[in-house]
Amino acid sequence: MAKAAAAPGLTHLRVTFSDSFYVGPGRADLLEGIATTGSISAAGKTMGMSYKRAWSLVQALNAGWGSPLVETSRGGAEQGGATLTADGQFVLDKYRAM
C-alpha cells in the first residue's frame, strides 16, 4: 500500500487588517530585524533590501496600524536608531504566534 503524501504546509501568512494595511512574512521579518539590530538600514540590508524600501515599509506599518510600530531617532550609530514600540512588539509577537 502506498503511503499518502503529506498535506502541504503553510508557506506564509498574510494578515489583512484593512484594504491598505497588512502584515506578512516580509514585514514581520523587517520588524524583527529592527528589534534585533536597532536599525532600519541594518535590518533592510540583512534582507537584501534598500534603505528606501525598508523605510517605505516602516512608514506603511506605522500609518496602517494607527500608531507607530517603529520609533526612530536621529544621531548616528551612537545615539540614533530605531526600536519597536510596545504596539510593534505586540504585532510581531502575535504574527509569529500564528
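In segment 1-36, what residues are small (Gly, Ala, Ser) and either at pLDDT 90 or above or farther than 24 Å from Glu71 by Cα (or both)? If the condition is that a residue be small (Gly, Ala, Ser) and either at pLDDT 90 or above or farther than 24 Å from Glu71 by Cα (or both), then Ala2, Ala4, Ala5, Ala6, Ala7, Gly9, Gly24, Gly26, Ala28, Gly33, Ala35 are the ones that fit. In segment 58-97, which residues are at pLDDT 90 or above, more than 18 Å from Gly26 (Cβ to Cβ) and open to solvent by 80 Å² or more (accessible area, probe 1.4 Å)? Of everything in segment 58-97, those that are at pLDDT 90 or above, more than 18 Å from Gly26 (Cβ to Cβ) and open to solvent by 80 Å² or more (accessible area, probe 1.4 Å) turn out to be Glu71, Ala86, Phe90. Scanning segment 26-57 for residues that are under 23 Å from Met98 (Cα atoms), assigned to a helix (DSSP H, G or I) and open to solvent by 50 Å² or more (accessible area, probe 1.4 Å) gives Asp29, Glu32, Ala35, Thr36. Looking only at segment 34-48, residues that are under 17 Å from Asn62 (Cβ atoms) and hydrophobic (A, V, I, L, M, F, W, C) come to 4 in all.
The values are calculated or read from the model by the stated rules, or taken from the named source; none is laboratory data. In this text the structure is predicted, and so the values were computed from the model without any measurement. Don't worry about glycine lacking a Cβ; one is built from the backbone with ideal geometry, like all the others, and counts go over all protein chains shown. Side chains are part of the model used for accessible areas, which takes the heavy atoms of the whole protein and leaves out ligands, DNA and RNA. Shrake-Rupley method; radii C 1.70, N 1.55, O 1.52, S 1.80 Å.
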